[in-house]
Amino acid sequence: MRKSFFTLVLAIVSGVCIMKAACLMQAPEAMYQPFETVSGTLTSIGFPCEGEEPCPPCLTIALVTDAQTYYLSTSDAQMQAQLDELEMQLPLRATISGTPFVNGSFDFIKVLSVSVDNSLLPSLCDEWNVWHESFESYGLVNFNQLFKYRLTTDTIINGQRYVKLTSDKDSPYLGAMREGNNRDIYYVPAGSTNEFLLYAFNAQVGEVLNDLYLGGFEENGYSGRVEAISDGSPRLFTIRVLYPTGMGVEPGESFSVTWIEGVGSPETPYGLAVVPTVPADVGIYTLLCAYKNGEQIYVSEMGAEYGCEHDQTPEPTDTIPLYSYAGDNPGSSTVDPVDPNQVVVTLKGDELTIRESSGEEIMMALSLNQGDASVPAFNRVQRTQSFQNELTVTLTEEGLYRLELSNPSWGYNIFGTFNYPQRKDAIDQNVVPTPAAQKIIRNGQLLIQKGEKIYTVQGAEVNE
């Protein structure tokens with residue numbers, strides 16, 4: 001029965017093969033199953049043949065899903081013409097409605113309708129806005145800027161269809177991406193023909209992933225294990241990545257990277273700006289927003305605060321150093337740094353915010369220097385006020401300010417000085433000078449300290 005069935009198929013499709021159209025099988029009605037809708041990747045594949053049975057010398061079209069492969073079947077001339085047209089564009093993501101059946105060792109589906117997913121990559125965004133904050137700046141000149149990345153046109157690499165990744169700033173072509181059959185995204189960096197695994201959004205906790213591309217310079221690929229997957233939407237994947245051998249670290253040492261489902265890396269669409277194994281002072285890359293088919297589908301905390309089109313340096317929040325003294329003035333007594341768990345004062349733009357944790361009533365006095373800034377003479381009181389817990393003051397006049405805080409139960413006063421408007425040197429650092437950004441070594445690792453925060457060389461904040 002099976003042999004005569006395939007002989008019938010050969011007779012039916014022999015003329016089709018000559019015209020270079022897809023060989024599609026027609027099944028007996030008795031083999032049809034209930035109506036189903038399945039999604040996957042349409043691809044050209046060798047015609048299914050059992051054992052040593054004769055096989056037609058042509059390709060057929062199959063729908064490859066996560067679970068199985070369906071060979072397409074139709075007896076409708078219009079559907080045959082539509083599939084022949086799609087064959088020139090394969091592989092394609094598609095959804096097919098029809099009636100499945102089994103013949104021998106193979107699964108088939110009689111196609112009643114086919115819908116093609118026109119997304120460039122169905123499981124990934126196609127546009128990303130990324131903010132870059134440089135570690136280097138000179139006075140009013142800095143290198144902070146907004147990067148826009150997008151997927152553009154198709155390209156063929158090693159016989160496979162990819163989509164080009166471009167940027168409006170650093171390169172017209174950064175590499176190319178393609179999607180596999182299991183929501184896995186592959187990447188070929190610019191100047192290379194080597195393919196790496198970039199994201200795997202159907203990966204499971206504990207799964208080992210090889211040939212990973214993380215970003216930065218091209219490597220031979222990393223090995224990592226899916227450490228955790230969050231709940232909610234989008235899910236966050238935590239990947240524990242092993243350091244390659246020869247990096248001067250103990251065998252088995254690792255670092256973690258994060259994927260955002262459907263979006264990619266929280267830094268750039270092609271991964272980390274610089275991976276930990278390739279140190280470089282590149283600054284901090286932060287994804288603001290991501291889009292698909294022109295619709296915004298993701299916004300980060302920074303994007304929500306500053307906007308998706310943010311193209312200026314975010315107004316920094318500086319912490320004003322505070323010191324305590326006992327006596328009439330700090331020049332006649334010992335000056336000690338104040339514990340930030342007790343009182344914190346910050347300056348962001350024109351807003352001066354004071355936070356005090358005791359809950360007691362605090363007296364605040366704010367004075368403006370009228371003399372030479374090099375010899376402060378804080379003899380013009382701007383404002384005095386009592387408060388509890390928190391107080392915000394809006395500044396209007398430029399100059400060098402002195403803030404004084406007091407409480408009868410303390411037995412000492414607290415003071416701090418700062419410049420307004422805020423500039424690179426806005427906070428007076430005469431007592432404890434601290435550069436805007438400096439390199440430090442901790443446990444043999446190169447880090448960047450900027451204010452009170454510490455970053456890895458690729459820009460990830462270190463939580464102590």
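The values are calculated or read from the model by the stated rules, or taken from the named source; none is laboratory data. In this text the structure is predicted, and so the values were computed from the model without any measurement. Every residue, glycine as well, gets a Cβ built from its backbone with ideal geometry; the counts of neighbours run over all protein chains shown. The accessibility values were calculated without ligands, DNA or RNA, using every heavy atom of the protein model including side chains. Shrake-Rupley method; radii C 1.70, N 1.55, O 1.52, S 1.80 Å.
Kirkwood Rh over alpha-carbon pairs of segment 54-201, then Stokes-Einstein at 4 °C and 1.567 mPa s: what D in µm² s⁻¹, rounded to an integer?
Working: Rh = 18.4 Å.
Translational D for this selection: 70 µm²/s.
Assign unit charges at the C-beta atoms only (+1 for Lys and Arg, -1 for Asp and Glu), then state the dipole size of segment 53-156 relative to its Cα centre in Debye, rounded to the nearest 20.
On the way: 4 positive and 13 negative charges, 23 e Å.
Using Cβ point charges on Lys, Arg, Asp and Glu, segment 53-156 gives about 120 debye.
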On the full set of protein chains, 1.4 Å probe, figure out the accessible area of residue 285 and give it in Å² to the nearest 10.
40 Å²
Structure shown: which of 148/453; 292/348; 169/292 lie over 29 Å apart, alpha-carbon to alpha-carbon?
292/348
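Using the Kirkwood radius over C-alpha pairs as Rh, can you work out the diffusion coefficient of segment 165-264 via Stokes-Einstein at 4 °C, viscosity 1.567 mPa s, in µm² per second? Numbers along the way, then the final one.
On the way: Rh = 14.5 Å.
Roughly 89 µm²/s, to the nearest whole number.
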